[in-house]
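Participant: Quick one: structure below, then a few questions.
The values are calculated or read from the model by the stated rules, or taken from the named source; none is laboratory data. What you see is a predicted model; the values in this text were computed from it and never measured. Cβ placement follows ideal geometry from the backbone for every residue including glycine, while neighbour counts extend to all protein chains displayed.
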Amino acid sequence: MSDPAYELIVGLEVHVQLSTQSKLFCGCSTIFGAASNTQVCPVCLGLPGALPVLNAEAVELAIRTGVALNCEMATFTKWDRKNYFYPDLPKGYQISQFDKPICGPGYLDFPDPEDSASMLRVRLTRAHLEEDAGKSMHDEAAGKADSRIDLNRTGTPLLEIVSEPDIRSAEAAKAYLTELRLLLTYLGVSDCNMQEGSLRADANVNLHIEQNGTKVATPIVEVKNLNSFRAVERALKYEAKRQYEHWQKTGQTIDDAAKQTRGWNDAAGVSTVQREKEESSDYRYFPDPDLVPLVIDEARLEAARAGLGELPGASRQRLRTEHGLKPYDADVVTSQGRAMVEYFDQLVSAGATAKRASSWVQQDVMRTLKEQEWEVEQFPITAPRLAELLAAIEAGEIDNTRAKEVFQLLLEKPELTSADAMQELGIEAVDQGEIESLCQELLDENPKVVSQVLDGNAKAVGALIGVAKKKNPNADPRQVREICLRLIEASR
């Protein structure tokens, strides 16, 4: 949350590497992890006479993203050269989109991090296609001062998504990025792997401060090198504190100082000055003479809208309204991606109650996926098979503790039915009528407990749980407690 002394103002620029097999303007591979400078050609190296050819798939992925982000889509867009010198930019310019981006204004709604039942909205300025630059690698270990360039990434298709400065806290910035990543993976346009650079964020930050009844704004700072959502959150909190302290010392406002670019050092937890921020005129944009403009008709946009499927916001809402999940539970299930939502739906369709299915998905299924480093599609227990086990718990045939043993066996032998797994483990299905009779027997033998419960001490029934387990090891303690209390209440 922002300090009451000021209001934090944040806009985010997110670079998304699109999931294409080849680069934006040539046929070189985009696979991550190849040996340095092995995925290059005359086009991405900028050699004389090499001409770019547009990757149509990248355009389709950009259109899909734009319509999902509620953007005003361009029917005419063009390519521009953004000119600047840097060692990892061999052409001396980057092909981008300047004044006619493929995606115009839009917005993204996402759960409020302070109240998952409420939604926040961040407006989007634009989203445009561009090619990535290479990667500079610096080795300063053992007194060395070596720098190397890997150009494998040069020319990789990026979609830059630029937000309006609508974000008011570090927590909201993290929540916005989390929802954006979820949406992009739902759409299949990117794997959004931040460790591999598939999703990178820069933050534009300043403060609004009340002074003598008027509002003043501090100079805008762009913070780079934000390589994780945690880094974004930490950097914004640090930058807000730094800017406020700087304003207290100098009184500088947005009218007194130029924009500045600072780099975030996550290990040290500080940002340091990199350069004064360039304006668009510094890049000397002009239309790329080697690429024709792109015309996008309404039929193409409608086809993209029709192919979106259910998006995270709709999934979240449906889980709440159709299945009765609490906002938090619906958010957790949805946050695991489209495949997890589909798995949950299959559980419920196969007979599991939504509440129990949600509980097992969030605990046992998600824990297993994390431990084994599996995707949902790799999870060995099919939804109908797990639904059998959950139905057995619901019917009182097996308690939760023994059910987890069955779950572990099904992970090892997914071909087994739940009944077969129970038999292999020597677990007998509990007869509901048998448990009812056992509970009645216990109450008849312990009239003192019955009296205590009738006098308002429901905890007294706990004395019967251990006895029940001795008489029937398969009895579920929670079920025994519920039945005993129900029978006592009925005897009033």
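Participant: Among the residues that make up segment 250-268, is at least one of them touching a Leu at 6+ places or on another chain (Cβ under 9 Å) and not assigned by TED's automatic domain parsing to the domain that holds residue 131?
Facilitator: Looking for residues that are touching a Leu at 6+ places or on another chain (Cβ under 9 Å) and not assigned by TED's automatic domain parsing to the domain that holds residue 131, one finds at least one in segment 250-268, hence yes.
Participant: Of all residues in segment 370-390, count the ones that are part of a helix (DSSP H, G or I) and surrounded by fewer than 17 Cβ atoms within 10 Å (Cβ to Cβ). Full working, then the answer.
Facilitator: As a first pass, look at segment 370-390 and keep what is part of a helix (DSSP H, G or I): 370-372, 376-378, 383-390.
From what is left, the residues that are surrounded by fewer than 17 Cβ atoms within 10 Å (Cβ to Cβ) are 370-372, 377-378, 384.
Result for segment 370-390: 6.
Okay, residues lined up against (1) touching a strand residue (DSSP E or B) at 6+ places or on another chain (Cβ under 9 Å); (2) assigned by TED's automatic domain parsing to the domain that holds residue 119; (3) at pLDDT below 95; (4) not in a loop (DSSP other than H, G, I, E, B):
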residue: 175; (1), (2), (3), (4): yes, yes, no, yes
residue: 178; (1), (2), (3), (4): yes, yes, no, yes
residue: 185; (1), (2), (3), (4): no, yes, no, yes
residue: 190; (1), (2), (3), (4): yes, yes, no, no
residue: 195; (1), (2), (3), (4): no, yes, yes, yes
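Participant: Now, a different point. Residues of segment 422-453 being touching a Lys or Arg at 6+ places or on another chain (Cβ under 7 Å) and either within 30 Å of residue 383 (Cβ to Cβ) or not assigned by TED's automatic domain parsing to the domain that holds residue 470 (or both), which ones?
Facilitator: Once the filter is applied, which keeps residues that are touching a Lys or Arg at 6+ places or on another chain (Cβ under 7 Å) and either within 30 Å of residue 383 (Cβ to Cβ) or not assigned by TED's automatic domain parsing to the domain that holds residue 470 (or both), segment 422-453 yields only 427.
Participant: Still on this model: For segment 281-302, indicate whether the set of residues that are under 30 Å from residue 235 (Cβ atoms), in contact with a helix residue (DSSP H, G or I) (Cβ under 8 Å, 6 or more places away or on another chain), modelled with pLDDT of 95 or more and not polar (S, T, N, Q) is non-empty.
Facilitator: There is no residue in segment 281-302 that is under 30 Å from residue 235 (Cβ atoms), in contact with a helix residue (DSSP H, G or I) (Cβ under 8 Å, 6 or more places away or on another chain), modelled with pLDDT of 95 or more and not polar (S, T, N, Q).
Participant: Let me ask something else. Mind checking whether some residue in segment 50-65 is in contact with a helix residue (DSSP H, G or I) (Cβ under 7 Å, 6 or more places away or on another chain), crowded, with 16+ Cβ neighbours inside 10 Å, in the same structural domain as residue 133 (by TED's automatic domain parsing) and β-branched (Val, Ile, Thr)?
Facilitator: Within segment 50-65 (the criterion being in contact with a helix residue (DSSP H, G or I) (Cβ under 7 Å, 6 or more places away or on another chain), crowded, with 16+ Cβ neighbours inside 10 Å, in the same structural domain as residue 133 (by TED's automatic domain parsing) and β-branched (Val, Ile, Thr)), the answer is yes, since at least one residue qualifies.
Participant: Looking at 276, 298 in this structure, which one is without any contact (Cβ under 8 Å) to a residue 60 or more places away in the chain, exposed (fewer than 14 other Cβ atoms within 10 Å of the Cβ) and either closer than 30 Å to residue 214 by Cα or under 32 Å from the mean Cα position of the chain (by Cα) (or both)?
Facilitator: 276
Participant: Examine segment 11-23 for a residue that is over 30 Å from residue 216 (Cβ atoms), out of contact with any Leu (no Cβ under 6 Å at 6 or more places or on another chain) and not polar (S, T, N, Q), and state whether such a residue exists.
Facilitator: Yes, that holds for at least one residue.
Participant: While we're here: For segment 376-395, name all the residues that are in contact with a Gly (Cβ under 9 Å, 6 or more places away or on another chain) and among the β-branched types (Val, Ile, Thr).
Facilitator: Residue satisfying the conditions is 376 alone.
Participant: Counting only residues that are farther than 17 Å from residue 162 by Cα and in a loop (DSSP other than H, G, I, E, B), how many does segment 197-215 have?
Facilitator: 3
Participant: Let me ask something additional. Filter segment 348-403 down to the residues that are on the phi > 0 side of the Ramachandran plot and within 20 Å of the chain's Cα centre (by Cα) and list them by number.
Facilitator: 373
Participant: Which one is farthest from the chain's Cα centre (by Cα) among residues in segment 51-70 that are over 22 Å from residue 181 (Cβ atoms) and touching a residue at least 12 places away in the same chain (Cβ under 8 Å)?
Facilitator: 51
Participant: In addition: Pull up segment 120-168, narrow it to residues that are modelled with pLDDT of 95 or more and more than 30 Å from residue 291 (Cα to Cα), then point me to the one that is surrounded by the most Cβ atoms within 10 Å (Cβ to Cβ).
Facilitator: By that ranking, first place goes to 167.
Participant: Which one is surrounded by the fewest Cβ atoms within 10 Å (Cβ to Cβ) among residues in segment 29-44 that are part of a helix (DSSP H, G or I) and at pLDDT 95 or above?
Facilitator: Among them, the one singled out is 42.
Participant: Same structure, new question: Say whether the condition of being among the aromatic types (Phe, Trp, Tyr) and in the same structural domain as residue 163 (by TED's automatic domain parsing) is met by at least one residue in segment 223-244.
Facilitator: For segment 223-244, residues among the aromatic types (Phe, Trp, Tyr) and in the same structural domain as residue 163 (by TED's automatic domain parsing): absent.
Participant: Shifting gears a bit: Keeping to segment 279-288, report how many residues are over 16 Å from residue 77 (Cβ atoms) and either free of Cβ contacts under 8 Å to residues at least 60 places away in the same chain or in contact with a Phe, Trp or Tyr (Cβ under 8 Å, 6 or more places away or on another chain) (or both). Write out each step before concluding.
Facilitator: First, the residues of segment 279-288 that are over 16 Å from residue 77 (Cβ atoms): 279-284.
Now drop any that are not either free of Cβ contacts under 8 Å to residues at least 60 places away in the same chain or in contact with a Phe, Trp or Tyr (Cβ under 8 Å, 6 or more places away or on another chain) (or both), which leaves 279-283.
Of the residues in that region, 5 qualify.
Participant: In addition: When you scan segment 398-420, how many residues do you find that are assigned to a helix (DSSP H, G or I) and at pLDDT 90 or above?
Facilitator: Of the residues in segment 398-420, 13 are assigned to a helix (DSSP H, G or I) and at pLDDT 90 or above.
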